[in-house]
Amino acid sequence: MEFWESSFIEKQTMWGFEPTDSAILTKDFFLEKNVKDILVPGIGYGRNAKVFIENGINVTGIEISKTAIDLARKNGLDSRIFHGSVTNMPFDNKLYNGIFSHALIHLLDKPEREKFIKDCYNQLEPNGYMIFTTVSKKAPMFGKGKQLDKDYFEIMDDVKMFFYDTDSIKQEFGEYGLVEFSEIDEPNKHMKNKPSINFIMVKCKKR
């Protein structure tokens, strides 16, 4: 995770400030389900948070990068943000209607992913929803770099990624209220000449 912190200053706006398609779809789903209070682990500099806030949804964030938090503040995000790693969840004992985490879980190793999913599930209210987007084995980075474990690669120095498929989604989310999952290609809205990224959107419900 140190790579993301050390390189954040020069790359702080590399994804732009428009929300991802995943965040927009999740916002619509949360509004449909009357979700009003959500936790966003890996809130970054807030580009996905604002689409929820603008639609009347209260947002609490978790972010490891102090630089990202500072940038979020400069861009008008005044939500509560816990400064720390998602591997140290929970940061409070509150239960949320919903949880949304974009492009984070695949940066964790297996024990960290298992703890992260469990911690998120434990912070959901009954009938609450948690939605994750994670990189797919169909992504062009899959198989690149040094292989560390099954479907887990160090694609560049200090950047490690686990690539999900149908089996690993069912295995890791199955006991945590897995409802459905679907492929979604996220366009790079900030750099139009860059290819879209192959993600899987995972939806779970607290039983």
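Read the figures in this text as sums done on the coordinates, not as results from a lab. What you are looking at is a predicted structure, and each value in this text was computed from that prediction instead of being measured. Neighbour counts run over all protein chains shown; Cβ positions are idealised from the backbone, glycine included.
Working from label points 7 Å from Cα in the Cα-to-Cβ sense, the Leu31 to Met141 distance is 3.1 nm. Above 24 Å lies some portion of the pair distances; for the chain, what is it as a whole percent of all C-alpha pairs? Of the Cα pairs, 37 percent sit more than 24 Å apart.
As a test of the definition: which semi-axes, in Å, follow for region 42-118 when you take the square root of five times each eigenvalue of its alpha carbon gyration tensor? Largest first, please. If you can, show how the numbers build up before the last one.
Numbers: eigenvalues 87, 42, 26 Å².
So the equivalent ellipsoid measures 21, 15, 11 Å along its semi-axes.
Ignoring everything except DSSP H segments at least 4 long, calculate the 222 nm mean residue ellipticity for the chain; use -39,500 (n - 2.57) per segment, divide by total residues, nearest 500.
Working: 7 runs with 56 residues, N = 207.
Helix-only estimate at 222 nm: -7500 deg cm²/dmol.
Between Gly98, Gly61, Gly174, the Gaussian network model of the chain with springs among Cα atoms under 10 angstrom shows the greatest mean-square fluctuation at Gly174.
Each of Ile24, Ile131, Ile38, Ile57 was scored by other Cβ atoms within 10 Å of its Cβ. Arranged with the fewest first, they read Ile24, Ile57, Ile131, Ile38.
A straight Cα-to-Cα reach below 17 Å connects Lys50 with the lysines Lys27, Lys36, Lys74, Lys189, residues fewer than 8 places away in its own chain not being considered. The overall shape of region 147-189 is oblate: from the C-alpha gyration tensor, with semi-axes ordered a ≥ b ≥ c, the ratio a/c is 1.5 or greater and a/b is no larger than b/c. For the chain, the antiparallel share of DSSP beta bridges with both residues in that region comes to about 55%. Put in line by how crowded their Cβ is, counting other Cβ atoms within 10 Å and starting with the fewest, Ser182, Ser22 read Ser182, Ser22. Radius of gyration over Kirkwood radius for region 84-207, both on Cα atoms: the Rg/Rh ratio is 0.98. Taking other C-beta atoms within 10 angstrom as a stand-in for reagent exposure, Thr134, Thr87 fall in the order Thr87, Thr134, fewest first.
Computed extension length for His83-Ser182: 32.6 nm, one decimal, from 0.36 nm per residue of separation with the Cα-Cα distance subtracted.
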